[in-house]
1. Do any residues in segment 31-51 that are free of Cβ contacts under 8 Å to residues at least 40 places away in the same chain have Cβ atoms under 9 Å from those of residues that are assigned to a loop (DSSP other than H, G, I, E, B) and among the small types (Gly, Ala, Ser), where the two are at least six apart or on different chains, and which pairs are they?
2. Considering only segment 223-235, I want to know if a residue exists there that is among the charged types (D, E, K, R), farther than 16 Å from Cys131 by Cα and surrounded by fewer than 17 Cβ atoms within 10 Å (Cβ to Cβ).
3. Select the helices (runs of 4 or more DSSP H) contained entirely in segment 153-260, then report the ones holding at least 3 residues which are modelled with pLDDT under 85 and more than 21 Å from Val40 (Cα to Cα).
4. Quick check on segment 25-46: of everything there that is assigned to a strand (DSSP E or B) and touching an Asp or Glu at 6+ places or on another chain (Cβ under 7 Å), which residue is surrounded by the fewest Cβ atoms within 10 Å (Cβ to Cβ)?
5. Of everything in segment 76-102 that's assigned to a strand (DSSP E or B) and among the aliphatic types (A, V, I, L, M), which residue is modelled with the lowest pLDDT?
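The values are calculated or read from the model by the stated rules, or taken from the named source; none is laboratory data. These numbers come from a predicted model, not from an experiment. All Cβ positions, even for glycine, are placed from backbone atoms using ideal geometry, and neighbour counts span all protein chains on display.
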Amino acid sequence: MYLITAAFLGFMGVSGFFGKGNISGVSVLLEAPEEIYANVPFPLKVRLANRRRFLPSFLIRVHIGDDELLFPYVGVRDAEVKYASTVLVRRGSNSVGAVHVSSVYPFNFFIRRRKLDAPVELIVFPEPKKCELYDSPERVRVQRGELSSGATGYEGDLISLRNYAHGDPMKYIHWKASAKTNKLKTKELSSLSQKPVVIDFDKTGIRGLEERISCVAYTLLRLHRQRVPSGLRIRGRVFEPGTSASHKAAMMRELALYGE
C-alpha cells in the first residue's frame with residue numbers, strides 16, 4: 001500500500017511539474033485589424049509563443065471571452081498564429097482582454113489554467129446600417145455621386161496592395177501576400193473618378209443619434225468603395241472630400257468617438 005501511495009504521489013509530482021511548465025512558458029499576443037465595426041465579425045490574430053529553451057508546448061488552449069483556440073504543438077522558441085472570429089457590440093473605445101491559457105498536458109487528469117494580462121485597446125467604428133439620406137440637403141449630390149458611374153473601386157489594373165478593410169470582397173484578397181506578411185491584404189485596383197460629396201452630420205434629418213451615426217457611416221463607406229471623393233462636416237469640424245483609406249478611417253474614428 002505504501003509503495004502504491006508513493007508511486008501515485010510521484011506520478012502526481014511529475015504531472016504537476018510538466019503541466020505547470022507547459023503553460024507558464026508561453027505568452028499570448030493579440031492583434032486586431034486596423035478597421036473594426038460594431039456588431040461586425042472581425043479576425044482577431046492570436047499569436048502563441050513558447051519562450052522555453054528546451055521543451056515544446058503541447059495542447060495549449062487560449063480562451064478569449066467565449067472563444068477558444070487550440071494550439072496542439074508549439075516548438076522550442078517558436079510561435080504559432082491562429083485567428084478568432086470576434087464581435088464587439090459597442091462603438092467607441094473598447095478593449096479585448098480576459099485572456100486565459102489552459103492545458104490538460106501531460107496526462108489529461110487535470111486542467112491547468114493561467115490568466116494573462118494581454119488587453120488590446122481598440123477604437124470600434126460605428127455599425128454601418130443601410131439607409132438613404134432622404135431629408136439631407138446633400139441628398140441630390142449623394143445620389144448623383146452614387147449613380148454617375150458603375151465604378152466600385154474593384155476594376156481595372158492592379159495598382160497596389162493594402163491592408164484588408166471591412167467590406168472588401170473576399171475574391172480580391174491577395175492570399176500569397178497575406179501569407180507572407182501574416183496580415184490580410186487586398187488588391188487595390190484602378191476605378192473611375194466621380195464628383196465629390198460632403199455629408200453634413202447635423203442636417204441629415206435623422207433624429208436618433210445612433211441611427212444617424214450608423215447611416216452616415218454606411219453612406220461614407222459606400223461612397224469610398226465607389227471611389228467617390230467624400231467628406232464630412234461634424235461638430236464644427238470639416239473633413240474635405242478624399243478617397244484615401246486614412247481619410248475614411250479618420251471620419252469613421254470621428255463618428256466612433258462622437259459623444260465620448
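1. What qualifies is Asn50/Gly25; Asn50/Gly75; Arg51/Gly25.
2. yes
3. Values: elements: 175-181, 209-225, 245-256.
Once the helices (runs of 4 or more DSSP H) in segment 153-260 are filtered for at least 3 residues that are modelled with pLDDT under 85 and more than 21 Å from Val40 (Cα to Cα), what remains is 175-181.
4. Quick first cut of segment 25-46, residues assigned to a strand (DSSP E or B) only: 26-31, 37, 42-46.
In the following step, the residues that additionally are touching an Asp or Glu at 6+ places or on another chain (Cβ under 7 Å) were identified as 37, 45.
On the way: Tyr37: 24, Lys45: 17.
Per the stated criteria, the residue is Lys45.
5. Val96
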